[in-house]
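> Can you read through this structure? Questions will come right after.
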Amino acid sequence: MVKKLSLAVLATLATAALADINVGVSLSATGPAASLGIPEKNTIALLPTQIGKEKINYIVLDDATDPTAATKNIKKLISENKVDVVIGSTTTPNSLAMTDVAVDHETPLISMAGSAIVVEPLDAKRKWVFKTAQNDAHMATAIVQHMTDKNVQTVAFIGFADAYGEGWYKEFAKIAEARKLKIVASERYQRNDTSVTGQILKILAAKPDAVLVGGAGTPAVLPQRSLKEKGYKGLIYQTHGVANNDFLRVGGKDVEGAFLPVGPMVVAAQLPNDNPVKKSALEYVGKYETAYGKGSVSSFGGHAWDAGVLLQAAIPQALKSAKPGTVEFRRALRDALEGVKNTPAAHGIFNLSANDHQGYDQRARVMATIENGAWKLIK
């Protein structure tokens, strides 16, 4: 009788364990994108450990900004940790590398990368992929508008020689052409390069009114620093991929005066009170800075927070039709993510659909500049 009771208790405990929702996370806490991945990792620790009556387990792995490592991570998370959903990765190349594995195992993937190619075009493969960072087109539109307001007529581009740089050039070039901006030079560099002198000399020879740097994190400092060293006097633009304090720290005086689009949370305290994102942005900023210190918050941590926002909205719906740990639950969770509507987050208001797996509109970005080593909202 005792033996039978013990087996029953063990069975009950095993069932309870299986009821937990396992969330896999692969991000770039080391490597060239570490300044993006570290605040994301810090933010995962702030996400709820219970949604409804279900316990949430987060299994966090570092992919070192390496697509091969990102692929290994998602395979491990799915096969060994039996995760129901994966958050990751930090960068576009790593997120793209993870996509096939997510699709093969019918596991929702929520990317924190910037490039729209992570979720566009929304084909059979990308139906399993969602993202929390604003699409390049959202941000490029804001940049082009600011350029035209500043009477810029010619512009040069220098960006990463990877999916992030190419994605940005594609979106920017399309919008620039529509607004009659002439691109007079287009150059590329590697994230780990230590010099871009050759590329900058070609850009200077083209005499552009403005230069757009299509980079992310601290590696995006290099082109702007080189432009300043060579005496460039035109306008310099960065992408939202640099919106963290490490970029300001490493760039110092060399990045002063740069213009860039950012998510509202980067300048949350400066937003007017009627901004629809201010309340939800300040909620995240407050929780992060309480945990890690005043002024420590980063745009990229916000992308991880917003992945949590999506899960908090979608998990209760998925639980209505399936139990965690099953393919049925993963499918239900994918469907529920697609149905998230009017949900305030750190960077915007989510409205996802079968045709849009990012779900933000123009409320998800504002223009800012770097002034005295800090982000300043351009009103």
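> How big is the antiparallel share of DSSP beta bridges in the chain, given as a percent to the nearest 5? Don't skip to the answer; put the middle values down first.
Details: 13 of 46 bridges.
Of those bridges, close to 30 percent are antiparallel.
> Quick one, which of (i) 20.1, 57; (ii) 20.0, 61; (iii) 21.5, 88 is the actual Rg and Dmax of the Cα atoms in Å calculated for this model?
Answer by label: (iii).
> If you don't mind, there's one more thing I want to ask. Compute the relative contact order of the chain as a whole-number percentage, counting only Cα pairs closer than 8 Å that sit 6 or more residues apart in sequence.
Working: 809 pairs, mean separation 65.1, N = 379.
Answer for the chain is 17 percent.
> Same structure, new question: Can you give me the C-alpha center-to-center distance between segment 322-339 and segment 145-220, rounded to a whole angstrom?
If you average the Cα positions of each part, the centres end up 41 Å apart.
> Would segment 196-282 count as rounded, prolate or oblate if I go by the C-alpha gyration tensor, calling it rounded below 1.5 in a/c and otherwise prolate when a/b exceeds b/c, oblate otherwise? Mind dumping the intermediate values first?
On the way: a/c = 2.95, a/b = 2.25, b/c = 1.31.
The shape class here is prolate.
> Right, next: Tell me the angle of helix 67-79 to the major Cα principal axis of the chain, expressed in degrees between 0 and 90 and rounded to the nearest ten.
20 degrees
> To continue, here is another question. Could you check which residue among PRO264, PRO272, PRO223 shows the biggest mean-square fluctuation in a GNM of the chain with a 10 Å Cα cutoff?
Maximum fluctuation in the GNM of the chain, among the listed residues, is at PRO272.
> Specify the angular offset, from 0 to 90 degrees and rounded to the nearest 10, of the alpha carbon long axis of helix 299-319 from the longest principal axis of the alpha carbons in the chain.
30 degrees
> Here's another thing I want to ask about it. When the dipole is taken about the Cα centre of segment 136-262, and only Lys, Arg (+1) and Asp, Glu (-1) are charged at their Cβ, what size is it in debye, to the nearest 20? Walk me through the numbers on the way to the answer.
Details: 16 positive and 13 negative charges, 75 e Å.
Roughly 360 debye, rounded to the nearest 20.
> Would you mind calculating the gained length between ASN81 and ASN275 on full extension (0.36 nm times residue separation, minus the Cα-Cα distance), in nm to one decimal?
Numbers: separation 194, 0.36 × 194 = 69.84 nm, distance 4.07 nm.
Gain on extension, ASN81 to ASN275, equals 65.8 nm.
> Which of the three applies to segment 136-262, rounded, prolate or oblate, going by the alpha-carbon gyration tensor with a ≥ b ≥ c and a/c under 1.5 meaning rounded?
On the way: a/c = 1.37, a/b = 1.23, b/c = 1.11.
It comes out rounded by the Cα gyration axes.
> Treat every Asp and Glu Cβ in the chain as -1 and every Lys and Arg Cβ as +1, leave all other atoms uncharged, and give the resulting dipole magnitude about the Cα centre to the nearest 20 debye. Write out the running numbers ahead of the final one.
Details: 43 positive and 36 negative charges, 64 e Å.
Roughly 300 debye for the chain.
> Would you work out if segment 111-189 is rounded, prolate or oblate? Take a ≥ b ≥ c from the square roots of the eigenvalues of the alpha-carbon gyration tensor; rounded if a/c is under 1.5, else prolate when a/b is larger than b/c, oblate otherwise.
Numbers: a/c = 2.53, a/b = 1.83, b/c = 1.38.
Here segment 111-189 falls in the prolate category.
> What does the charge count near TYR169 come to, summing +1 for each Lys or Arg and -1 for each Asp or Glu among other residues with Cβ under 14 Å from its Cβ?
-3
> Could you give the longest part of the chain that holds none of the GluC sites (Glu not before Pro) found in DSSP loops with at most 16 neighbouring Cβ atoms within 10 Å? Could the numbers behind the result be given before it?
Details: sites that count: GLU80, GLU106, GLU256.
That would be 107-255.
> Tabulate in residue order the Karplus-calculated ³J(HN,Hα) for segment 157-164, using 6.51 cos²θ - 1.76 cosθ + 1.60 with θ = phi - 60°, rounded to whole Hz; enter x for Gly and Pro.
Going residue by residue, I get 10, 9, x, 4, 8, 8, 4, 5 Hz, with x marking Gly and Pro.
> Within a Cβ distance under 13 Å of LYS202, other residues only, what is the Lys/Arg minus Asp/Glu net charge?
Values: positive: ARG188, LYS207, LYS230; negative: GLU187.
That sum, taken over residues with Cβ under 13 Å, equals +2.
> Another question about this same structure. For a quick check: sort HIS303, HIS105 by the number of other beta carbons within 10 angstrom, fewest at the front. It would help to have the intermediate numbers written out before the result.
Values: HIS303 30, HIS105 18.
Ascending number of Cβ neighbours within 10 Å: HIS105, HIS303.
> To continue, here is another question. Taking +1 at the Cβ of each Lys and Arg and -1 at the Cβ of each Asp and Glu, which of ALA185, GLY198, ALA140 sits farthest along the dipole of the chain towards its positive end, judged by Cα position relative to the Cα centre?
ALA140
> Suppose a student asked you for the relative contact order of segment 136-262, using Cα pairs under 8 Å spaced at least 6 residues apart; what percent would you report? Mind dumping the intermediate values first?
Details: 212 pairs, mean separation 33.2, N = 127.
Averaging sequence separation for qualifying contacts and normalising by length gives 26 percent for segment 136-262.
Readers should treat all values here as calculations from the given coordinates under stated rules, not as data from a laboratory. These numbers were taken from a predicted model, which means no experiment stands behind them. Glycine gets a Cβ as well: all are built from the backbone with ideal geometry, and neighbour counts include every protein chain shown.
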